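The values are calculated or read from the model by the stated rules, or taken from the named source; none is laboratory data. Since this is a predicted model, take the numbers as computed values, not measurements. Glycine also receives a Cβ, built like all others from the backbone with ideal geometry; neighbour counts cover every protein chain displayed.
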Amino acid sequence: MEPDRAAAELKVLRQLMERPIRFSTMSGLSGIFAGIAALAGCAAGWHISGRFSPQSSMAVHMLVWAGVFVAAFVAAVVLTRIREIRRGMPLWSKIKGRILLTILPPFVIAAGLTATLVVGAAGQPDAEQWGLIPAIWMAFYGLTLWQIGDYAPPEVRLLGAAFLAGSLLSAAWGQQNPYWSLGLTFGGLHIVYGLIVWIRHGG
């Protein structure tokens, strides 16, 4: 076999070996934790509604959900890493680099659009933009999950499809009460996903 062809086939075999490893290190517990954090964020947001001016309330909402994101992200990284350590896997790999490059653009765009709406809400007496923000989050998060479906269990792509559908529904009917949209998707869908992954893949 020619060296170039042998190297190409070796690369394919290596990629095929990486994918099952990635399957086995996904953490269902991180999905459950993300769902619980999202429900806590909804409860906190509901509690502070009406206690601040519309402009101040928008800023507080963003702080609350920034905390939800950080908590969910840290839990996912830590729990996944624990499973990797048990399997003797390295901290960094090429497939993680691909996943990072896949998820980075949607997250950056979602953050940019959110910031634009928050700044715009500063000049609005009723801060109506808050009703649009959950739909934006769901859309870009759903796209992210759909894209990384090639490197993850099939449940991830299904979760992405559910978030994309939730985004459309939220934009059409959920703007008046975004807490229901956030609770059902980032809360409920994550918990259901986490339970399924935990049962099927463990951990």
message: Could you go through region 173-182 and let me know if any residue there is crowded, with 18+ Cβ neighbours inside 10 Å and of a type in the set (Gly, Ala, Ser).
response: yes
- prompt: Considering only region 64-88, how many residues are buried (at least 16 other Cβ atoms within 10 Å of the Cβ), over 15 Å from Ser30 (Cβ atoms) and more than 15 Å from the chain's Cα centre (by Cα)?
  reply: 1
query: Failed condition for Leu16, given (1) modelled with pLDDT of 60 or more; (2) surrounded by fewer than 13 Cβ atoms within 10 Å (Cβ to Cβ); (3) part of a helix (DSSP H, G or I), with all others met?
result: (1)
- request: Go through the residues of region 148-156 one by one and say whether even a single one is among the β-branched types (Val, Ile, Thr) and either assigned to a loop (DSSP other than H, G, I, E, B) or touching a helix residue (DSSP H, G or I) at 6+ places or on another chain (Cβ under 9 Å) (or both).
  value: yes
Residues of region 62-96 classified as under 30 Å from Gly120 (Cβ atoms), β-branched (Val, Ile, Thr) and either touching a residue at least 60 places away in the same chain (Cβ under 8 Å) or in contact with a helix residue (DSSP H, G or I) (Cβ under 6 Å, 6 or more places away or on another chain) (or both), total: 2
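Per-residue answers, yes or no, for (1) without any contact (Cβ under 8 Å) to a residue 24 or more places away in the chain; (2) over 22 Å from Arg81 (Cα atoms); (3) of a type outside the set (A, V, I, L, M, F, W, C):
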| site | (1), (2), (3) |
| --- | --- |
| Gly112 | yes, yes, yes |
| Tyr151 | no, no, yes |
| Phe163 | no, yes, no |
| Gln176 | no, yes, yes |
| Ser181 | no, yes, yes |
| His190 | no, no, yes |
| Leu195 | no, no, no |
| Trp198 | no, no, no |
- request: Give region 89-108 a look and list any residue that's outside any helix (DSSP H, G or I) and surrounded by 11 or more Cβ atoms within 10 Å (Cβ to Cβ), or say none.
  value: Met89, Ser93
message: Can you find a residue that is surrounded by 16 or more Cβ atoms within 10 Å (Cβ to Cβ), at pLDDT 95 or above, farther than 22 Å from Trp146 by Cβ and out of contact with any Lys or Arg (no Cβ under 7 Å at 6 or more places or on another chain) anywhere in region 51-63?
response: no
